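One structure is given here, and the rest of the page talks about it.
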Amino acid sequence: MTAFTYKNGELHAEDVALSAIAADVGTPVYVYSVAAMTEAYQRFVEALAGQRAQVCYAMKANSNLAVLRTFADLGAGADVVSDGELARALAAGIPAKRIVYSGVGKTREEMAAGIEAGILQFNVESRPELTALSDIAVSKNATVEIAIRINPDVDAATHNKISTGRKEDKFGIDIARAGEAFAQASTLPGLNPVSIAVHIGSQLTDIAPFRSAFGHVAELTRQLRADGVAISRLDLGGGLGIAYAGERVPTPAEYAAMVAETVGDLDCDLIFEPGRYLTGHAGVLLTRIIFIKDTGERRFVIVDAAMNDLMRPALYGANHSIEQVREPAPNAALGEADIVGPVCETGDTFATAHALTDLPAGELVVIRDTGAYGAVMSSGYNSRPLVPEVLVNGGDYALVRPRETLEQQLDRERFAGWQSPERTSQS
Ligand code: LLP
């Protein structure tokens, strides 16, 4: 299902015309669908119905409070990686006992905040982190449940920059040395090692690397149990890919069947940390054409969204499909256009030689499948205000993050003490 379909000649988010949102909130703007997030969540959970599974949404994909509340209401937990994410998850109503803390470089303050909140488990990624967490737990008179995140040396066959399970990647503890790490954890005060965690990368389009990694986890579980470490929970990470350009991706059912085959007989509680799968298809970046620039060589469609609003194409060469909001006539001629933003870099290109009808300036287009790793990765480059976010639910919509104002931008900064403190003019 897609929540973004043409009705009465124009693209809607559920029952709301995107043109109405553009008129109300302006462009560029991220628009998310509650129905699409709900459906993705339910599909994922239903596929795993035969197992003792808890979804801990990897909120780095989209951490808007209203999005988090949507998942909290569905029963999701959260995978957090910073103080900021922990605070947001709690503020959105995600119970601490459904929160796992990931990350290769947690600070002492972050560990302390997680302990104080009473989260479910810390996923520890190094020996120094083990001793630091033990110290802090002892100082707080607490015992914390931990997973050790292992590095299984499996190539996820995804983009190099989002592959995390190879030996040369910074993540986890080499699986060959996991036994030693668990032995150390068992002797450290304040730590209760109950779990193994693994996450080999994001946007996996093949099930085989998961199967290999989870197979290693199963083997390690048996070994550790034989050594007297009571493993009762496995955190199998995220990574399930979505189709950006019609590519074949594993279904949740295929993924769940592989989970059952690899770790199903271990009698463990299972944690899953999907991010992209839950929100990727549920969002679009709605943008308006500023100019059409035809150079003879190429036709540039210059839109008001830019690489600072959506970094994925510039950063990973990601391919997001782009559609016009006014429904094209069935036989409309398609031309090729480069869809670019206003930022002063050639990398500010959303698509090259993309098929599009001959649209005039002023028309709206959407960049699809940007509900994950879109708004969260945006920046204020070129002093462009952070984009607003709108949440749609049926025929209703709400502005869940207003557009940043120029005053807010200027107010974040100060002149140095030796400079005149006054601004010479206000915008
Ligand atoms: N768990 C851990 C420990 C992770 O590091 C990640 C993602 C996830 C779960 C969620 O993975 P997902 O289900 O979303 O694939 N910015 C990149 C993606 C970076 C993913 C980082 N870690 C992009 O735009 O493609």
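Looking at region 352-361, which of the residues that are assigned to a loop (DSSP other than H, G, I, E, B) and not aliphatic (A, V, I, L, M) is surrounded by the most Cβ atoms within 10 Å (Cβ to Cβ)?
Initial filter on region 352-361 (assigned to a loop (DSSP other than H, G, I, E, B)): 358-361.
Checking which are not aliphatic (A, V, I, L, M) leaves us with 358, 360.
Values: Asp358: 12, Pro360: 7.
The residue in question is Asp358.
Checking Ala23, Ala58, Ala53 one by one, the residue that is among the small types (Gly, Ala, Ser) and under 15 Å from the mean Cα position of the chain (by Cα) is Ala58 and no other. Of all the listed residues (Ser126, Ser102), the sole one being of a type in the set (Ser, Thr, Tyr), more than 23 Å from the chain's Cα centre (by Cα) and modelled with pLDDT of 95 or more is Ser126.
Listed by first and then second residue, the pairs with beta-carbon distance under 9 Å, at least 6 apart or on different chains, first residue in region 1-25 and at pLDDT below 95, second open to solvent by less than 50 Å² (accessible area, probe 1.4 Å), are Met1/Ala35; Met1/Ala36; Thr2/Ser33; Thr2/Ala36; Thr2/Arg368.
Yes or no, residue by residue, for (1) assigned by TED's automatic domain parsing to the domain that holds His12; (2) open to solvent by 30 Å² or more (accessible area, probe 1.4 Å); (3) basic (Lys, Arg):
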site	(1), (2), (3)
Val263	no, no, no
Asp267	no, yes, no
Val284	yes, no, no
Ile290	yes, yes, no
Glu297	yes, yes, no
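Return the only residue of Leu364, Leu315, Leu334 being away from the ligand (no atom under 16 Å from the Cβ), over 22 Å from Arg403 (Cβ atoms) and either open to solvent by less than 40 Å² (accessible area, probe 1.4 Å) or of a type in the set (A, V, I, L, M) (or both). Can you show your working first?
On the way: Leu364 fails: over 22 Å from Arg403 (Cβ atoms); Leu315 fails: away from the ligand (no atom under 16 Å from the Cβ).
Exactly one residue qualifies, and that residue is Leu334.
Could you please let me know if Ala332 is without any contact (Cβ under 8 Å) to a residue 24 or more places away in the chain and of a type in the set (A, V, I, L, M, F, W, C)?
Working: without any contact (Cβ under 8 Å) to a residue 24 or more places away in the chain: no; of a type in the set (A, V, I, L, M, F, W, C): yes.
No, not satisfied.
Is there a residue in region 64-81 that is in contact with a Gly (Cβ under 9 Å, 6 or more places away or on another chain) and closer than 23 Å to Pro250 by Cβ?
Yes, that holds for at least one residue.
If you go through region 387-427 and keep only what is open to solvent by less than 60 Å² (accessible area, probe 1.4 Å) and either farther than 30 Å from Gly283 by Cα or touching a Gly at 6+ places or on another chain (Cβ under 7 Å) (or both), you end up with Gln409, Ala416. Only one entry of Gly118, Gly179 meets the criterion of being of a type outside the set (A, V, I, L, M, F, W, C) and either touching a Cys at 6+ places or on another chain (Cβ under 9 Å) or farther than 23 Å from Ile94 by Cα (or both), and that entry is Gly179.
Can you tell which of Arg299, Arg326 is under 24 Å from Thr2 (Cα atoms) and in contact (Cβ under 8 Å) with a residue 24 or more places away in the chain?
Values: Arg299 fails: under 24 Å from Thr2 (Cα atoms).
Result of the check over Arg299, Arg326: Arg326.
Specify which of the listed residues (Ala89, Ala58) is touching a residue at least 60 places away in the same chain (Cβ under 8 Å), surrounded by 24 or more Cβ atoms within 10 Å (Cβ to Cβ) and within 21 Å of Gly118 (Cβ to Cβ). Let's see the steps before the verdict.
Values: Ala89 fails: touching a residue at least 60 places away in the same chain (Cβ under 8 Å).
Going through Ala89, Ala58 in turn, the sole match is Ala58.
The values are calculated or read from the model by the stated rules, or taken from the named source; none is laboratory data. This is a predicted model, so every value here is computed, not measured. In this analysis, Cβ positions are derived from the backbone assuming ideal geometry, glycine residues included, and neighbour counts consider all displayed protein chains. Keep in mind that these areas ignore ligands, DNA and RNA; they rest on the heavy atoms of the full protein, side chains included. Shrake-Rupley method; radii C 1.70, N 1.55, O 1.52, S 1.80 Å.
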